[in-house]
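Everything below concerns the one structure shown next.
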Amino acid sequence: MKKTKMRKVLTVVICLMIVFSGLSGCAGSGGNKTENTQTTQTKEPITLKIFGVDDVAKASYVLKTLEEKFNVKFENREIDGTKYKEQYQMMIASGDIPDIFTWIDIPTYTKYATQGILAELPIATIEKYAPRIDAWLKKSFNGDPYAPFIRNGKNYALPNYSLMAEHFNAFGIRHDWLEKVGIGKTPETLDELEIALNKFTNEDPDGNGKKDTFGWSTDGSGIPTLFYPVFGAYGVYPGMFTEKNGKIVRGEIQPGAKQALTLLNKWFKAGYLDPEFFVNKWDNVMEKWLAEKFGVVTWAWWELSPKDAFWNGRLRENLLEKNPTSNLVVIPFPKGPDGESGSYQNYPLSSFIAFGKPLEKDQEKLQKYLEVMDESSMNPKQKEFVYYGVEGKTFKKNADGDYEFIPPYNDEAKRKEFGIGLDPGVNHQDYNLQFQFMTKKKYLPYVSDVMKIAVGKYDILAGIDKPIYNEKYDSLNQFTYKSFVKFITGEKSLDEFDNFISEWEKMGGDKIMEEAQQKYDEYLKK
């Protein structure tokens, strides 16, 4: 999905997760002993290459503690996440296959696995050396988490499950605007939402005496941002593969898509939608949001929420800073005529780790990587250390049970010097475990409630390699997006929707549907 800005749901992976997942009470810390502390090592340390080992990190308490605990030496791994393909190719071409591959997409994963660049990673090995990650994956994912990564009967990946992916998009509305235009309850259906959009457009909700507002804005980055909850209300999910009665379907060619487009065209002609939505960049949307030009927005739930609920609450907090009387609230997606609702969500196994082929012959090193990841990802005492350090030395808990840094560690530079305060990365992060460290206690019920309404569907074939789809994706996606914009704006009549489907199929859509059904039957059908 887009917005992978916070959505960068692939930030530094093992990297800081390994480096900064320390022990909250090791020798000399004055804190409590961490679970699973090992005895004094006698073997020579194993060298592991990870991210973030700059001069400050090398001298940090955290890094030294981890090296002693695991009997390892950490060396810096320099891979630019924006240029990883080129860098990996250069390393492979020079014969310097890296220990760990992160960020690679599914087609690249398939290519590397079949070309002998990746090490086989038997599931039994994961079960033995990363048992908590394995158990968490199997408990969390609805299905076999390893199935999408099997190539030629072998597994080469350690998947990462993201709860935040499948509960990503949420629906936000200006509650203070609803009150201003005389609406006493938040909209629950498309019909009620239409009434709100009408009043937001025509009844001066910002109170400036001008007719300069509209109901809903979005950016023009792609299908997932095209007022997607309206499609979900008609039970269709354009731009991705979903399952219906054992058959793979594609939302953009379903009858419900025409119904959604018809309603959006009506709203566009009435002025309820941002007239520039198809050329907007996200910065334009933010600018209009802070200028209070519209009152409905769809985005990551944590961007619409109070900052202490999870992340930074950017849309809500920035608006509050400008207008302290504003009140953005997250509400359930509007229901359609048959009671359906939802929005585009992200595939929860979209990131993973793979290991370089040389580690097949160095099982001790491979096992050590797994051991460190398992402890760093799943030990709550280490998670506490990742975010706050050592109780009584770097942090304390206040009367509400929330964490507070103790001077001088309320200074970011001091925290970095100690080795804390950096995001440990998204791989193998059990957010049910981490909410206790990232969410103020009073907001835990709020987070639980919001996650229950940030629902919809994700592409169930996103993690499975689809060669025909990979070849046709760009042209079909662009054709669909441009056609949908024309249908919404009225440049193209909805009487031509059947022609759109026919053209889509001729461009290769029929072939990708055949392939998708085959892949579903092979990997996922129960």
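Once you sort the root eigenvalues of the Cα gyration tensor of segment 342-427 as a ≥ b ≥ c, which label holds: rounded (a/c under 1.5), prolate (a/b larger than b/c) or oblate (the other case)?
Values: a/c = 2.67, a/b = 1.56, b/c = 1.71.
Cα axes put segment 342-427 in the oblate bin.
For segment 63-167, report the accessible area per residue in Å² (1.4 Å probe, heavy atoms, rounded to an integer). Before the final figure, lay out each step's value.
Values: 4540 Å² over 105 residues.
With the other protein chains kept in place, segment 63-167 gives 43 Å² per residue.
Can you tell me the Rg and Dmax of segment 229-315, counting just the alpha carbons, in angstroms?
My reading of the Cα-based Rg and Dmax gives 16.1, 47 Å.
Using only the Cα atoms of segment 211-260, what semi-axes does the equivalent ellipsoid have when each is the square root of 5 times a gyration tensor eigenvalue? Give whole Å, largest first. If you can, show how the numbers build up before the last one.
Details: eigenvalues 135, 26, 11 Å².
Ellipsoid half-lengths, sorted descending, are 26, 11, 7 Å.
Can you give me the % of accessible surface on the chain that is carbon or sulfur? Probe 1.4 Å, all protein chains present, nothing else counted. Walk me through the intermediate numbers first.
Numbers: 10930 of 22630 Å².
Ligands and nucleic acids excluded, carbon and sulfur reach 48 percent.
Post the alpha-carbon centroid distance, segment 455-526 to segment 334-387, in whole angstrom.
Here the two parts' Cα centres lie 28 Å apart.
Taking R0 as 51 Å, what FRET efficiency do you get between residue 442 and residue 189 from their Cβ-Cβ distance, rounded to the nearest 0.05? Intermediate values should be presented prior to the final figure.
Details: r = 31 Å, r/R0 = 0.62.
Efficiency for this residue pair is about 0.95.
Specify whether the C-alpha gyration tensor of segment 324-388 places it in the rounded, prolate or oblate class, a ≥ b ≥ c being the square roots of the eigenvalues: rounded for a/c under 1.5, otherwise prolate if a/b is larger than b/c and oblate if not.
On the way: a/c = 4.37, a/b = 1.96, b/c = 2.23.
Cα axes put segment 324-388 in the oblate bin.
Please work out the average accessible area per residue across segment 446-526, using the 1.4 Å probe convention, and give it in Å².
Working: 4240 Å² over 81 residues.
Per-residue accessible area for segment 446-526 comes out at 52 Å².
So what J values fall out for segment 106-116 if you push phi through Karplus, 6.51 cos²θ - 1.76 cosθ + 1.60 with θ = phi - 60°, rounded to Hz, Gly and Pro as x?
Here the 3J(HN,Hα) series is 5, x, 5, 4, 4, 4, 5, 5, 6, 8, x Hz.
So for the chain, what are the equivalent ellipsoid semi-axes in whole Å, largest first, each being the square root of 5 times an eigenvalue of the Cα gyration tensor? Write out the running numbers ahead of the final one.
Values: eigenvalues 362, 194, 64 Å².
One finds semi-axes of 43, 31, 18 Å for the chain.
Kindly rank 144-157, 399-412 from highest to lowest mean number of other beta carbons found within 10 Å of each residue. Let's see the in-between values first.
Values: 144-157: 18.6, 399-412: 12.7.
Highest to lowest by the protection proxy: 144-157, 399-412.
Suppose we keep just the DSSP beta bridges with both residues in the chain; what percent of those would be antiparallel, to 5?
Numbers: 25 of 36 bridges.
Antiparallel: roughly 70 percent of the beta bridges in the chain.
Which net charge results for the neighbourhood of residue 342, defined as the other residues with beta-carbon distances under 12 angstrom from its beta-carbon, given Lys and Arg at +1 and Asp and Glu at -1?
On the way: positive: 335, 457; negative: 166, 340.
Net local charge, residue 342 excluded: 0.
Quick one: if the Förster radius is 30 Å, what FRET efficiency do residue 152 and residue 477 give, using the C-beta to C-beta distance and rounding to 0.05?
That gives a FRET efficiency of 0.55.
Can you check what the Kirkwood hydrodynamic radius comes to for segment 116-206, Cα pairs only, in Å to one decimal? Please report the intermediate quantities before stating the final value.
Details: mean 1/r = 0.0574 Å⁻¹.
Kirkwood hydrodynamic radius for segment 116-206: 17.4 Å.
Among the listed pairs 43/85; 472/526; 288/335; 244/281; 85/414; 111/258, give every one whose C-alpha distance is greater than 32 Å. Don't jump to the answer; show the numbers that get you there.
Values: 43/85 36 Å; 472/526 28 Å; 288/335 27 Å; 244/281 34 Å; 85/414 35 Å; 111/258 38 Å.
Beyond 32 Å: 43/85; 244/281; 85/414; 111/258.
On each of the three principal axes of the Cα atoms of segment 376-526, give max minus min coordinate, whole Å, ordered largest first.
68, 39, 31
From the Cα trace of segment 107-167, what convex hull volume per residue do you get, rounded to a whole Å³?
Working: hull volume 5.5 nm³, N = 61.
About 91 Å³ per residue, rounded to a whole number.
Put a dot 7 Å past each Cα toward the Cβ at residue 449 and residue 400; how far apart are the dots in nm?
If labels sit at residue 400 and residue 449, their model points lie 1.6 nm apart.
The values are calculated or read from the model by the stated rules, or taken from the named source; none is laboratory data. Model, not experiment: these values are computed from the prediction. When we count neighbours, we look across all protein chains shown, and the Cβ atoms used for this are built from the backbone with ideal geometry, even at glycine. Accessible surface areas use protein heavy atoms only, side chains included; no ligands, DNA or RNA. Shrake-Rupley method; radii C 1.70, N 1.55, O 1.52, S 1.80 Å.
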